[in-house]
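> Input: one structure, supplied below.
The values are calculated or read from the model by the stated rules, or taken from the named source; none is laboratory data. Computed from a predicted structure; not experimentally measured. FYI the Cβ positions are ideal-geometry reconstructions off the backbone, even for glycines, and counts take in every protein chain you see.
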Amino acid sequence: MGVAVLSGAQRLVIGGGKRLSGELEVQGAKNSILPLLSGTVLCRGESVLHNCPHLTDADAACRILNCLGCKCKREQNSISINSEQLVNTDVPLELMREMRSSIVFLGAILGRAGHCRLSFPGGCELGPRPIDLHILALRKMGVDIKEEHGYLDCNAPKGIRGAHISLSIPSVGATENIILAAVTAKGNTEINNAAREPEIVDLAAFLNKCGAKITGAGTGTIIIEGVPKLGGAQHSVIPDRIVAATYLCCAAITRGELLLKNADFNHISAVIPAFEQMGCSIYTYGKDRIYINASKNLRAPHKIITSVHPGFPTDAQPMIMALASTLKGTTVFVETIFDNRFRHAQELSRLGAKISVDNRVAVVEGVERLTGADLEATDLRGGAALVTAALFAEGTSTITGISHIDRGYDDLVGNLRKIGADIENK
Ligand code: UD1
């Protein structure tokens, strides 16, 4: 599968001040598709994943699969993966570097082959991204891990064995890696203080279709009964809750209205109260629709504290900050998950936003006007926050660094244009 250059563009040019109105379909979740693609390494057969967004991170995951010998083919929104033959268990440095989440291949390759060699993922835009919990858990499961010259050399000479693992932090990636390593391990694994994110539930649902025996996904205790092997299965990726939150912010900042289809209200239940406090009308329709109307006078929410699911997602914080910076009143943001998650604040200030940052706390004083400026996206959701703010700012804004945005948004420009935004790739 070739590299998909999604936009091929150097920058986004946005003319602010257009009220957005209309309907959008929410793409499949980036944070689900990556572990799901990794999970197909365990399947001795063909799997087909539906509702797969076109994202550079998904392409990078497919390149890793191809390098392992799994045959990946995309047809529109479906990706088929044939993992009958695994010809390689090492992931080269350049593929590991393409996306930080490639560490989620660790548990899957180990589960399938009992050994692998990956480069250490290192830090990222959001600060240091340690994987000590992944390593600790895998060692408990009988994996011998050597960390040398930036590589992880992993071997389970006697096979992976089930274990009782208590996580000190409910890490999403560590929970995924443990599940992936445990499904075909000898014996049972119990994870305590497991991450409860919807993407964990999605991974367990897919693996169970393939023959795994996982219970408790979505709760703090997950039990995995090891099975000898997995087959392939068909599975549809859950909607992307962060993309849903982004579009809601884009509609709200332009004081517009939006109907989201293929969205899951329950997955963003911690974000809904923020919109309600602002004075937006926000409802769910049927199983998969969310409607927002932000035409009233909006006011700033008092406090946004990020936390693990089902708390307020750290990934939605930047876009809500962009929105809050245009509302009457003061909002205090407390970031509890990552060290360096306010980098967008400085760029928002270029538009005229009033934000002061002290370590993990940011105080936003809403202003009536923002004015267009030249901005640079330095991470995925920070980039989405700049787009959100530029939709409101008077005049023209340009945003560079958009490869960050292509990692997680499928046709952001096309979708925003569909609901009335003045935005183009240049
Ligand atoms: C996932 C998401 C990311 C989201 C994050 C938190 C994917 C591909 N990415 O990232 O979008 O922002 O969850 O919801 O799903 N930690 C350690 N040691 C470890 C592992 C984590 O100290 O071994 C720390 C991290 O540094 C971070 C916190 O735990 O401060 C949360 O990390 P984690 O839940 O693992 O996030 P990711 O899986 O990397």
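> Kindly list, by first and then second residue, each pair from a residue in segment 76-103 that is farther than 19 Å from Gly408 by Cβ to a residue that is surrounded by 15 or more Cβ atoms within 10 Å (Cβ to Cβ) and modelled with pLDDT under 90, limited to pairs with Cβ atoms under 6 Å and residues at least 6 apart or on different chains.
Qualifying pairs under 6 Å: Leu93/Ser119.
> Looking at segment 51-100, which of the residues that are away from the ligand (no atom under 16 Å from the Cβ) and closer than 24 Å to Ala263 by Cβ is surrounded by the most Cβ atoms within 10 Å (Cβ to Cβ)?
It comes out as Ile79.
> Still on this structure: Within segment 242-320, considering only strands (runs of 3 or more DSSP E) that don't extend past its boundaries, which have at least 3 residues that are away from the ligand (no atom under 16 Å from the Cβ), in contact with a Leu (Cβ under 7 Å, 6 or more places away or on another chain) and not hydrophobic (A, V, I, L, M, F, W, C)? Steps first, answer last, please.
Details: elements: 257-261, 281-285, 289-293, 303-305.
Qualifying strands (runs of 3 or more DSSP E): none found.
> When segment 107-118 is examined, which residues are found to be within 16 Å of the ligand (Cβ to nearest atom) and closer than 9 Å to Val91 by Cβ?
Leu118
> Let me ask something else. If I go through segment 201-211 residue by residue, how many of them are under 22 Å from Cys154 (Cβ atoms) and either free of Cβ contacts under 8 Å to residues at least 60 places away in the same chain or within 13 Å of the ligand (Cβ to nearest atom) (or both)?
We begin by selecting, within segment 201-211, every residue under 22 Å from Cys154 (Cβ atoms); these are 203, 207.
Those left that are additionally either free of Cβ contacts under 8 Å to residues at least 60 places away in the same chain or within 13 Å of the ligand (Cβ to nearest atom) (or both): 203.
Qualifying residue count for the region: 1.
> On the given criteria, is Asn208 at pLDDT 95 or above and touching a His at 6+ places or on another chain (Cβ under 9 Å)?
Numbers: at pLDDT 95 or above: yes; touching a His at 6+ places or on another chain (Cβ under 9 Å): no.
No; evaluated as a whole, the condition is false for this residue.
> Of the residues Thr175, Thr184, only one is more than 30 Å from Ala316 (Cβ to Cβ) and either modelled with pLDDT of 95 or more or not in a loop (DSSP other than H, G, I, E, B) (or both); which?
Going through Thr175, Thr184 in turn, the sole match is Thr184.
> Would you be able to say whether some residue in segment 326-333 is at pLDDT 95 or above, aliphatic (A, V, I, L, M) and assigned to a loop (DSSP other than H, G, I, E, B)? First the steps, then the outcome.
From segment 326-333, those at pLDDT 95 or above are 326-333; that's our starting set.
Cutting the leftovers down to aliphatic (A, V, I, L, M) gives us 327, 332.
Still in the running and assigned to a loop (DSSP other than H, G, I, E, B): 327.
Yes, because at least one residue in segment 326-333 is at pLDDT 95 or above, aliphatic (A, V, I, L, M) and assigned to a loop (DSSP other than H, G, I, E, B).
> Condition first: out of contact with any strand residue (DSSP E or B) (no Cβ under 9 Å at 6 or more places or on another chain) and either outside any loop (DSSP other than H, G, I, E, B) or of a type in the set (Ser, Thr, Tyr) (or both). Now tell me which residues in segment 45-74 satisfy that.
Correct list: Thr56, Asp57, Ala60.
> Being at pLDDT 95 or above, in contact with a helix residue (DSSP H, G or I) (Cβ under 6 Å, 6 or more places away or on another chain) and outside any helix (DSSP H, G or I) is true for just one of Ile165, Ile169. Which residue is that?
Working: Ile169 fails: in contact with a helix residue (DSSP H, G or I) (Cβ under 6 Å, 6 or more places away or on another chain).
After applying the criteria, what remains is Ile165.
> Okay, next question. Is there any pair linking a residue in segment 322-349 that is within 23 Å of His404 (Cβ to Cβ) to one that is in a loop (DSSP other than H, G, I, E, B) and β-branched (Val, Ile, Thr), with Cβ under 7 Å and at least six apart or on different chains, and which?
Here the result reads Ser325/Val367; Thr326/Val367; Arg343/Thr378, each pair linking segment 322-349 to a residue that is in a loop (DSSP other than H, G, I, E, B) and β-branched (Val, Ile, Thr).
> Can you tell which of Ile179, Ile160, Ile169, Ile145 is away from the ligand (no atom under 11 Å from the Cβ) and within 22 Å of the chain's Cα centre (by Cα)?
Values: Ile160 fails: within 22 Å of the chain's Cα centre (by Cα); Ile169 fails: away from the ligand (no atom under 11 Å from the Cβ); Ile145 fails: within 22 Å of the chain's Cα centre (by Cα).
Of the residues listed, the single one that is away from the ligand (no atom under 11 Å from the Cβ) and within 22 Å of the chain's Cα centre (by Cα) is Ile179.
Per-residue answers, yes or no, for (1) crowded, with 18+ Cβ neighbours inside 10 Å; (2) not in a loop (DSSP other than H, G, I, E, B):
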| residue | (1), (2) |
| --- | --- |
| Gly352 | yes, no |
| Val363 | no, yes |
| Arg369 | no, no |
| Ser397 | yes, yes |
| Ile405 | yes, yes |
| Asp410 | yes, no |
| Leu416 | yes, yes |
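> Assess whether Ser397 counts as being without any contact (Cβ under 8 Å) to a residue 24 or more places away in the chain and more than 16 Å from the ligand (Cβ to nearest atom).
Details: without any contact (Cβ under 8 Å) to a residue 24 or more places away in the chain: no; more than 16 Å from the ligand (Cβ to nearest atom): yes.
Spelling it out, it is not the case that Ser397 is without any contact (Cβ under 8 Å) to a residue 24 or more places away in the chain and more than 16 Å from the ligand (Cβ to nearest atom).
> Residue by residue through segment 75-89, note down the ones that are of a type in the set (S, T, N, Q), outside any loop (DSSP other than H, G, I, E, B) and within 11 Å of Cys52 (Cβ to Cβ).
Step one: filter segment 75-89 for residues of a type in the set (S, T, N, Q), giving 76-78, 80, 82-83, 85, 88-89.
Filter once more, keeping what is outside any loop (DSSP other than H, G, I, E, B): 78, 80, 82.
Scanning segment 75-89 gives Ser78, Ser80.
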